[in-house]
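What follows is a short report on a single structure.
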Amino acid sequence: MTNDLIYRGAVELAGLLRSRQVSATEVLEAHLDQIDKLNPLINAVVTLDEEDARAAAAEADRKIVAGEPVGPLHGLPISFKDAANTAGMRTTFGHPQFRDHVPTENDLHVQRILDAGAVRVGKTNVPEFAAGSHTFNRVFGATRNPYDPGKSAGGSSGGAAAALAAGFQPIADGSDMGGSLRNPASFCNVVGLRPTPGMVPNADGNNVFFPLGVAGPMGRTAADAALLFEVMTGVSSADPHSVFLPDPECPSTEPSPTDFAGLRIAFAPSLGGRIPVSREVLDVIEPQAAVLAALGAHVELDCPDLDGSEQVFRVLRAASFDSMWGEQLAAEPDAFNHFLAGNIREGALLTGRDVVRAEEGMTRLIRKAAGFFERYDLVIAPASQVVPFDVDLEYPTEIEGQRLQNYLDWMRAPYLFTPLGLPALSVPAGFTPAGLPVGLQMVGARGSDARLLHLASAFEKISSCSSVRPQGAAVL
C-alpha cells in the first residue's frame, strides 16, 4: 500500500482524501517512509520536520471527518524549494551564510499552497542561491538523479524534481530564470512549467520589475502540475505586473492525442542552428515530431526569432546578481562559488545603458514572438541540450565535440526562450538506451499556460513514459 500511495498522482490522491478512502496521515506516513529509505542516497529533501507534518496531517483528517470545507491540495504532502521563504522552517538558499536562517513569513506562493490544504514536510535542495542547472552547494552537497544516482538531477529545482521522481511527494514548487523548472524536469522525467510572467505573482522578490525569474509548478504529470498551478496563480497587489489571463482556447474535454490534429507546430531541434544538442537527446526528440505529424499536426522546421536573446538574458541576469550581491562580494571575495562570483563581476562592469538596451532587446523579442504565434500554435524543442551528466561534474564542457566556454553554455535550450515572455514546459519524452530521461520542451503563446498543460497531458498519452519509475539503486 505504501508503494502504491507514493506513486499515485496528486489529482487522484486529492480525490481519495476528500472521499475518505485514504487519510492524510496514511498519505504522509507513506511518503515519510520513502524519504527515510531513499533520501540518504538521493539528497533531495534537505530539511525535514516530521513532527509538524504529522500534526498538520492530523488536522487535515479532522477537517475531513468534521465535514469542513477543504482546499484543492488538502492533505497532499509537499517540501518547498529551499529558495522559497517558509515561516518557522529553515531556508538556506543553498548558501553557508543562511545555514541557520529561519524566516518569519511565507512567500506568497508558499502561503497559497498551504492555504489550499497542503501539508508542509520540509525543503528541497538547490544550487547556491538557485544559480545554475546542477544542484549542489556547500551546505548540503549534491542531489542525485533517482533514475541513476551517479548522475545530476539538474537544477535549480533539482531537489524538487528528484523528490517527485523518487516518490517523496506528489507535487513540488520551483522557480525558473534560465531553465530551473524545465531542465530538472527533463533530467528527472517529470513536468515543470515556466509560466507566463505575471501569472504567478512576484510578490516577494526584491525587484518586481525584473522580467526573467518566475515561480511555477512541477508534477509527475501535466495534470498534477496543473492542479498546483491553479493554486499558485492570481493577482497580487504586491506585484503590479501580476495578471489573470483567461485561456478561452483551452479545451474543456479530456486530453487526447487527437488534440494535435490540425495544430501548427514549429519544430526547433537546435533552435534554428543556435545551439549544439547531444545526439542522445535528438534521438528521443526527433521521433516525437514525426509522431505528432502522423497524428495530423502540421509540423515544420522553424523557430521564433531568438537573435539577441543570449545578450538580453546574460546582461539582465548579471545586472541583477550584481545588484543583489555585488557589495557583499567586494567585502567577502570568498563568499560565493566561482560561477556566481564570475557572474556578479560581469554585472559590475555593465552600465545603465547596457541594461536599458537589453530591456529594449527583450521588447523586440516579445513583439516578434507575438507575430510568430499568429502563424503557429506551438513550438517543440529540446528541454535540455544534454542528458543527465555525472553528478561530480561542475558542468558539461562539450556537446558533440563543440567546446563550451562556461557553466551557462549548456543551458541555452531553455534560457534562450526566457526573454520572450512565453510559457514553456518540459514533458517526459523518452529515455536513452542507458535509461536516462529526456524531456520535450513545449512553448506556447503568452497566456496560453492552461492550453499548454492540456497539450502536455495529451502528449503523455502518446509517449507513455511519464509512468516509468526509477529502477536504479533499488529506488522502487
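What Kirkwood hydrodynamic radius do you get for segment 232-299 when you take the inverse of the mean 1/r over all pairs of distinct Cα atoms, in Å? Walk me through the intermediate numbers first.
Values: mean 1/r = 0.0651 Å⁻¹.
The answer is 15.4 Å.
What are the extents of the Cα atoms of segment 131-194 along their three principal axes, listed from largest to smallest and rounded to whole Å?
Over segment 131-194, Cα extents along the principal axes are 26, 25, 17 Å.
What is the projected area of the convex hull of the Cα atoms of segment 303-373, averaged over all directions, in nm²?
5.3 nm²
Sort Lys37, Lys63, Lys151 from largest to smallest accessible area, using a 1.4 Å probe on the heavy atoms of the protein chains. Could the numbers behind the result be given before it?
Working: Lys37 125, Lys63 70, Lys151 45 Å².
Descending order: Lys37, Lys63, Lys151.
Give the long-range amide H neighbours of Ser79: residues separated by 5 or more places, or on another chain, with amide H under 5 Å away, using H modelled in the peptide plane at 1.01 Å from N.
Val121, Gly122
For segment 102-255, evaluate the Debye formula with one uniform point scatterer on each Cα (no solvent term) and list log10 I(q)/I(0) at q = 0.21 Å⁻¹, rounded to two decimals.
Results for segment 102-255 at q = 0.21 Å⁻¹ read -1.42.
For segment 254-406, report the accessible area per residue in Å² (1.4 Å probe, heavy atoms, rounded to an integer).
Dividing the accessible area of segment 254-406 by its residue count gives 49 Å².
Using a cut-off of 15 Å between beta-carbons, work out the net charge of the residues near Val214 (Lys and Arg +1, Asp and Glu -1, Val214 not included).
Numbers: positive: Lys81, Arg112, Arg182, Arg194, Arg317, Arg446; negative: Asp107, Asp173, Asp176, Asp204, Asp239, Asp449.
Net of charged neighbours comes to 0.
Average the reciprocal distances over every distinct pair of alpha-carbons in segment 286-339, invert the result, and give the Kirkwood radius in Å.
Details: mean 1/r = 0.0658 Å⁻¹.
This gives a value of 15.2 Å.
Rg and Dmax of segment 227-361, Cα atoms, in Å?
Computed over the Cα atoms of segment 227-361, radius of gyration and Dmax are 21.3, 60 Å.
Rg and Dmax in Å for segment 1-113, alpha carbons only: what are they?
15.0, 45
I'd like the distance separating the alpha-carbon centroids of segment 130-178 and segment 409-436, in whole Å.
15 Å
Can you spot the lysines whose alpha carbon is less than 29 Å from Lys63's alpha carbon? Ignore those fewer than 8 places along the same chain.
Candidates past the 8-residue exclusion: Lys81, Lys123.
Per the Debye formula with a single identical scatterer at each Cα and no solvent contribution, what log10 I(q)/I(0) holds for the chain at q = 0.08, 0.14 Å⁻¹?
So the normalised log intensities work out to -0.42, -1.41.
First compute the accessible area of the chain with a 1.4 Å probe, then give the percent of it belonging to carbon and sulfur atoms.
Details: 9010 of 17740 Å².
The computed percentage sits at 51.
Which translational diffusion coefficient, to the nearest whole µm²/s, is obtained for segment 42-173 from the Stokes-Einstein equation, given a Kirkwood hydrodynamic radius over C-alpha pairs, 10 °C and 1.306 mPa s? Can you show the working numbers first?
Working: Rh = 14.9 Å.
Translational D for this selection: 107 µm²/s.
Quick one: divide the alpha-carbon radius of gyration of segment 394-476 by 2.2 N^0.38 Å and tell me what you get.
Details: Rg = 15.7 Å, N = 83, 2.2 N^0.38 = 11.8 Å.
In units of the globular-protein estimate, segment 394-476 measures up at 1.33.
Quick one: net charge around Leu408, please, counting Lys, Arg +1 and Asp, Glu -1 for every other residue with C-beta under 9 Å from its C-beta.
Numbers: positive: Arg314, Arg317, Arg412; negative: Asp409.
It works out to a net charge of +2.
Tally Lys/Arg at +1 and Asp/Glu at -1 over every other residue whose Cβ is under 10 Å from the Cβ of Gly192; what's the total? Kindly include the intermediate steps, with their values, before the conclusion.
Working: positive: Arg182, Arg194; negative: Asp176.
Combined, the nearby Lys, Arg, Asp and Glu give +1.
According to a simple spin-label model (label point 7 Å from Cα along Cα-to-Cβ), what is the distance in nm between Ala434 and Asp100?
4.2 nm
Please list, in chain and number order, the residues 5+ apart from Lys151 or on another chain whose amide H is under 5 Å from its amide H, with Hs placed from the backbone.
Asn145, Val391
Using the per-residue mean of other Cβ atoms lying within 10 Å as a proxy for protection, in what order, highest first, do the peptides 137-143, 106-112, 288-294, 424-430 fall?
Values: 137-143: 19.9, 106-112: 22.7, 288-294: 16.9, 424-430: 28.7.
Ranked by mean Cβ neighbours within 10 Å, highest first: 424-430, 106-112, 137-143, 288-294.
The values are calculated or read from the model by the stated rules, or taken from the named source; none is laboratory data. Only a predicted model underlies this, so the values are computations on that prediction, with no experimental measurement involved. Quick reminder, even Gly has a Cβ in these numbers, built from the backbone with ideal geometry, and neighbours come from all protein chains shown. Each accessible area value is taken on the protein alone, full model and side chains, heavy atoms only, with ligands, DNA and RNA left out. Shrake-Rupley method; radii C 1.70, N 1.55, O 1.52, S 1.80 Å.
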